[in-house]
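Each remark here refers to the structure printed beneath this line.
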Amino acid sequence: MKNRTTLQELEIFAAIARHLNFRKAAEERNVTPSTLSHTLTNLEQRIGLRLLNRTTRSVSLTEAGRAFLSRIEPALVDLSSAVDELNTWRADPRGTLRLNMPRNAEALALHPVLLPFRQQYPDIALEIATSDGFVNIVEEGFDAGVRFGNVIPQDMVAIPFGMPVTGAVIASPAFVARHGAPQHPDELPDYPCIQRRFPSGMQYKWEFQVQSKLKEIAVNGNLTLDNDQMMIQAAQAGAGIAFVLRNLSESALASGELVELLTDYVAPAESFWLYYPSRKYHSAAMRCFIEWIQQANRGVIHSNSLLNHAEPR
């Protein structure tokens, strides 16, 4: 029996093969990288073949490793599906759901959507990782991601994650009193603005609707930030004009700490989408979450759901 390959060894090998990274595979399996390395070494010694080429800098599959993975992966999926289907016999589904989304999406969805989901399904462990850059959710081991439709890979299934929303141009009353307010988007380069840089390094160009056409404006300013919350705080301090999600700035606008500018030129609303791999099998946790979002979009769960939230590209 000691010479027989275990299911745990197969799952560990498959995790390393998916990520080609011991640290990421260890995080998925909730063990240490050294445990993974030791387990894989024992497996290779037992079968007498090297399955992975590994150096201090890279990990790659050998030809035997690729062939072995192609044989065992369908069986591992079937086994995982069989175990997960036992959830249908429980009153409350269980499992772990891993989501990736931009920081703004998490901030806007946490209270109206994500925390209520946790209350409804207390036995589902919800793990959320935020990233404003593009993430390959399959390679990183996520069940689903949230992004705008124009940046979702074509091989994914996508469902609406809330209703379309708009951005807002904001500034503090003191800033407007000192510098005045632009009356047209073309005037913005003449004003100190708070710029935004994406993880890709690209500087965001503010988007407006001018004479029924979308127009992008490259603004100027000596302060560059990478998230709306900090931009709102900077605008409140009078550091410049900012372009942020309107929903994130609503409380400051309502209190008079900020004023909204160029409201006649608001660009068309855009939407977030929940996307996930187009495969037949999904965990019980994922199936529950998909249904939850669909109900939220229909307003079945609560009236103040994610219906007015999103994030600029």
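The values are calculated or read from the model by the stated rules, or taken from the named source; none is laboratory data. Computed from a predicted model, the values in this text were never measured in an experiment. Reconstructed Cβ throughout: ideal geometry from the backbone, glycine too, with neighbour counts over all protein chains shown. The protein model used for the area step is the full one, side chains on, heavy atoms only, and it has no ligands, DNA or RNA in it. Shrake-Rupley method; radii C 1.70, N 1.55, O 1.52, S 1.80 Å.
Restricting attention to the stretch 54-79 and to residues that are among the hydroxyl-bearing types (S, T, Y) and under 17 Å from A25 (Cα atoms), the residue that is modelled with the lowest pLDDT turns out to be T56. Hey, among S212, S255, S251, which residue is open to solvent by 70 Å² or more (accessible area, probe 1.4 Å), under 29 Å from the mean Cα position of the chain (by Cα) and not hydrophobic (A, V, I, L, M, F, W, C)? S251 is the lone residue from the list that is open to solvent by 70 Å² or more (accessible area, probe 1.4 Å), under 29 Å from the mean Cα position of the chain (by Cα) and not hydrophobic (A, V, I, L, M, F, W, C).
Report whether or not E270 is open to solvent by 40 Å² or more (accessible area, probe 1.4 Å) and within 20 Å of the chain's Cα centre (by Cα). When the stated conditions are applied, E270 passes them.
Among the conditions (1) in a helix (DSSP H, G or I); (2) open to solvent by less than 30 Å² (accessible area, probe 1.4 Å), Q229 misses just one, which is (2). Checking each residue in the stretch 129-148 for being over 21 Å from G201 (Cβ atoms) and either open to solvent by 40 Å² or more (accessible area, probe 1.4 Å) or assigned to a loop (DSSP other than H, G, I, E, B) (or both) picks out I137, V138, E139, G141, F142, D143. Only residues that are more than 24 Å from the chain's Cα centre (by Cα), part of a loop (DSSP other than H, G, I, E, B) and either exposed (fewer than 15 other Cβ atoms within 10 Å of the Cβ) or basic (K, R) (or both) were counted across the stretch 9-59, and they come to 8. When only residues in the stretch 60-70 that are part of a helix (DSSP H, G or I) and of a type outside the set (G, A, S) count, which is farthest from Q8 (Cα to Cα)? Checked the stretch 60-70; the qualifying residue farthest from Q8 (Cα to Cα) is E63.
The listed residues are L126, L108, L97, and the only one of them that is surrounded by fewer than 17 Cβ atoms within 10 Å (Cβ to Cβ), in contact with a helix residue (DSSP H, G or I) (Cβ under 8 Å, 6 or more places away or on another chain), touching a residue at least 12 places away in the same chain (Cβ under 8 Å) and not acidic (D, E) turns out to be L126. In the stretch 164-186, the residues that are at pLDDT 95 or above form Cβ pairs under 6 Å with partners that are open to solvent by 40 Å² or more (accessible area, probe 1.4 Å) and part of a helix (DSSP H, G or I), at six or more places apart or across chains, as follows: A168/R246; S172/Q236; P185/Y265.
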